[in-house]
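Inspection log for the structure reproduced underneath, given as structure tokens.
The values are calculated or read from the model by the stated rules, or taken from the named source; none is laboratory data. Quantities reported herein were computed from a predicted structural model and do not represent experimental measurements. Positions of Cβ are generated from backbone atoms using ideal geometry, with glycine treated the same way; all protein chains shown enter the neighbour counts.
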Amino acid sequence: MHVVVIFGWKEETPDLVRSLAEALGITVFESRQRMVGGGPAVAGRFADRQGAMAAAAKLDERGIKTLVLDAALVCGSAGHFVVRRFEIAGESLRVDSGDGRSVVIPYDEITLLISGMSMRGSAATRTVTERKLSLGKTLLSGGIPMTKKVSHQEDMTTEAREKFLYLYSADRVPAIFSQDGITYNKLGPALKPSREQNFAHLIAELRRLSPNAVYDDRLLTLAGQIRLLGPAQNPETNLDLGAAILAKCLRHS
């Protein structure tokens with residue numbers, strides 16, 4: 001699937017909303033929804049690149065900046081360096097992957113830090129058995145309260161949340177840190193009691209040591225993810241796409 005992203009407008013004017021609606025063949029209401037928040041935002045999804053490029057060309061003609069991405073190429077770990085261990089030291093950051101690779105990244109070469117939250121829901125059904133008063137048994141026992149076992153099905157919904165950090169640096173593939181997927185033993189005396197605290201410390205230190213890097217946290221909330229990806233794009237499986245969109249648009253802004 002290919003997505004067409006719009007970005008870079010300064011003001012949401014009626015003419016701009018109408019131009020977007022005409023170019024994509026959608027209603028003015030739908031167009032306005034895509035422009036809420038000032039972008040970037042996924043304006044359309046296409047099965048093939050040709051259709052996406054044609055839509056982008058129409059938008060470009062109307063003065064709307066666009067970006068076309070192949071979602072399959074940016075989702076998943078294929079184009080990323082998935083961090084398992086890290087060490088903050090000296091003038092650079094050392095990161096190690098689970099497959100034995102190591103990279104040293106000077107802090108002054110870090111250009112973007114994008115925080116995100118993975119929110120995965122799951123549903124299950126369980127059988128609940130409890131004892132309830134049995135009127136029939138109570139009557140037969142001469143008024144002594146008697147109970148019986150009663151079972152029923154109960155639906156359960158759970159949500160697992162995990163924070164991520166996408167680190168972009170010059171001429172390297174993005175490095176991905178996941179709160180639950182990395183080890184923190186190299187923090188030494190700065191080690192905190194929980195993973196959440198350690199991850200927050202990692203982000204704070206990288207921001208402090210890389211003052212020239214742009215930091216963006218709009219993918220930390222479900223509302224921010226929906227605003228960027230659109231309601232039809234599942235945020236559970238498209239956090240990588242959201243980060244790639246932000247990275248490219250921030251670099252072109």
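Considering only region 42-79, state which residues are of a type in the set (S, T, N, Q) and within 17 Å of the chain's Cα centre (by Cα).
Result: S77, single match.
Note down all Cβ pairs under 7 Å where the first residue falls in region 168-189 and is of a type outside the set (D, E), the second is in a loop (DSSP other than H, G, I, E, B), and they're at least six residues apart or on different chains.
Matching pairs, first to second residue: Y168/P174; V173/G79; V173/H80; P174/H80; I176/H80; Y184/L191.
Here are some conditions: (1) loosely packed, with under 15 Cβ neighbours inside 10 Å; (2) not assigned by TED's automatic domain parsing to the domain that holds P174. G8 meets all but one. Which one does it not meet?
(1)
Does region 110-126 contain at least one residue that is part of a strand (DSSP E or B), at pLDDT 70 or above and exposed (fewer than 15 other Cβ atoms within 10 Å of the Cβ)?
no
Is it the case that region 80-96 has a residue that's on the phi > 0 side of the Ramachandran plot and within 25 Å of the chain's Cα centre (by Cα)?
no
What strands (runs of 3 or more DSSP E) completely inside region 1-82 contain at least 3 residues that are in contact with a Ser or Thr (Cβ under 9 Å, 6 or more places away or on another chain)?
Filter on region 1-82 gives 2-7.
Condition check ((1) crowded, with 19+ Cβ neighbours inside 10 Å; (2) of a type outside the set (D, E); (3) more than 30 Å from D96 (Cα to Cα)) across all residues:
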site: T27; (1), (2), (3): no, yes, yes
site: E30; (1), (2), (3): no, no, yes
site: G38; (1), (2), (3): no, yes, yes
site: A41; (1), (2), (3): yes, yes, yes
site: D60; (1), (2), (3): no, no, yes
site: K65; (1), (2), (3): no, yes, yes
site: V74; (1), (2), (3): yes, yes, no
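For I203, which of the numbered conditions (1) touching a helix residue (DSSP H, G or I) at 6+ places or on another chain (Cβ under 8 Å); (2) buried (at least 16 other Cβ atoms within 10 Å of the Cβ); (3) at pLDDT 95 or above fails to hold?
Checking I203 against (1) touching a helix residue (DSSP H, G or I) at 6+ places or on another chain (Cβ under 8 Å); (2) buried (at least 16 other Cβ atoms within 10 Å of the Cβ); (3) at pLDDT 95 or above, the one that fails is (1).
Name the residue, out of I176, I182, that is at pLDDT 90 or above and either outside the structural domain of E91 (by TED's automatic domain parsing) or farther than 21 Å from D108 by Cα (or both).
I182
On the basis of being at positive phi and at pLDDT 80 or above, does D217 make the cut?
No; evaluated as a whole, the condition is false for this residue.
Determine the pairs where a residue that is modelled with pLDDT under 90, located within region 6-25, has a partner that is in a strand (DSSP E or B) with Cβ atoms under 7 Å apart, the partner being 6 or more residues away or on another chain.
Taking only residues 6 or more apart or on different chains, the pairs are G8/K65; L24/A43; L24/G44.
In the list G230, G242, which residue meets the criterion of being modelled with pLDDT under 90 and not assigned by TED's automatic domain parsing to the domain that holds S115?
G230
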